[in-house]
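The values are calculated or read from the model by the stated rules, or taken from the named source; none is laboratory data. Being a predicted model, the structure only gives us computed values, none of them experimental. In this analysis, Cβ positions are derived from the backbone assuming ideal geometry, glycine residues included, and neighbour counts consider all displayed protein chains.
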Amino acid sequence: MSTRRDEVVALRPGGDDVAQEAAQIVSQWAGVELASRGIDALAEASLLVADDLAVLQPVKSPDGAEQMLLTAAVVCCPSRWMLSEKMGQDMLAIHAPVAKYAEHVGAAVDTYFERITAEKTVWRSNWIIQDHPALFQPRIPSAPLVKNPDQLWIRMERQTLRRLPKTGGILFTIRGYQQPLPEYLSRSKEIASNTRTMLERLPDDVAQYKSVLLSIFARCSNDFQMMLRNTSRFFFTDPQFSRGSINSANEIYVV
């Protein structure tokens with residue numbers, strides 16, 4: 001943040017109040033009093049937690065409809081997207097590159113936003129397979145960065161959404177985790193089986209979004225399958241686990 005602030009901290013006109021309220025919620029949770037205000041307070045609060053902080057603000061459109069737009073954010077761990085390109089957009093536009101979002105998730109998420117209260121925080125999780133371990137990845141590489149599938153990483157995000165009671169905005173937090181894919185698969189036979197099942201069932205457009213490494217999978221599909229089999233040993237031949245149970249990456253939970 002000290003050397004590339006313009007890439008990770010952003011504010012739209014009129015976003016100071018929601019940024020301030022979001023920052024105060026984070027700082028109160030951490031037990032720290034902030035010395036700044038507005039977007040500077042949000043940047044200060046972001047240093048108290050491992051999560052990225054994005055704030056959506058209710059804004060009236062020309063036709064009178066209310067939209068939740070991204071107006072303040074501190075995002076140090078983007079997963080191959082640029083913060084500057086997302087500012088001022090609603091959730092549907094923000095997630096435009098996400099395969100099936102508009103079709104399967106968009107309307108439901110927008111409706112759910114209307115029901116989020118200050119008393120109930122909701123959370124969701126997602127995953128993606130990538131070819132680099134950095135958490136700060138604002139750009140998509142022009143070509144795969146590794147040659148073998150055992151060099152891949154799985155990246156997971158835990159996201160929370162909470163209504164801001166004073167401004168009516170929503171604080172959207174994003175916590176990223178990464179682990180080498182072979183190491184992740186070796187954690188349990190259920191994880192290995194679920195991963196294989198999910199990869200086999202992904203539609204082409206979702207697979208394209210979930211990984212930029214389809215060319216690697218095409219060239220090394222046998223190696224990748226061997227890695228899965230070696231990692232899980234006999235797990236895939238065990239009838240109890242051969243079917244696999246898939247946990248949706250887009251379910252929303254109330255906490």
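Tabulated data
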quantity: Matching entry among Ala41, Ala22, Ala50 (being under 26 Å from Met156 (Cα atoms), small (Gly, Ala, Ser) and part of a helix (DSSP H, G or I)); calculated: Ala22
quantity: Scope the stretch 146-187; condition assigned to a strand (DSSP E or B) and hydrophobic (A, V, I, L, M, F, W, C); matching residues; calculated: Trp153, Ile154, Met156, Leu161, Ile170, Leu171, Phe172, Ile174
quantity: Options Arg4, Arg12: the member that is closer than 18 Å to Met82 by Cβ, more than 20 Å from the chain's Cα centre (by Cα), modelled with pLDDT under 95 and of a type outside the set (A, V, I, L, M); calculated: Arg4
quantity: Exclusive hit being farther than 20 Å from Leu135 by Cα, at pLDDT 95 or above and among the polar types (S, T, N, Q), set Gln67, Gln28; calculated: Gln28
quantity: Test for Leu69: is it part of a strand (DSSP E or B), without any contact (Cβ under 8 Å) to a residue 60 or more places away in the chain and buried (at least 17 other Cβ atoms within 10 Å of the Cβ); calculated: yes
quantity: Number of the condition not met by Gln57 [criteria: (1) over 22 Å from the mean Cα position of the chain (by Cα); (2) touching a residue at least 60 places away in the same chain (Cβ under 8 Å)]; calculated: (1)
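Residues are listed down the side, and each one gets a yes or a no for (1) within 15 Å of the chain's Cα centre (by Cα); (2) at pLDDT 80 or above:
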residue	(1), (2)
Lys147	no, no
Arg155	yes, yes
Arg162	no, yes
Gly169	no, yes
Leu181	no, yes
Met198	no, no
Arg201	no, no
Lys210	yes, no
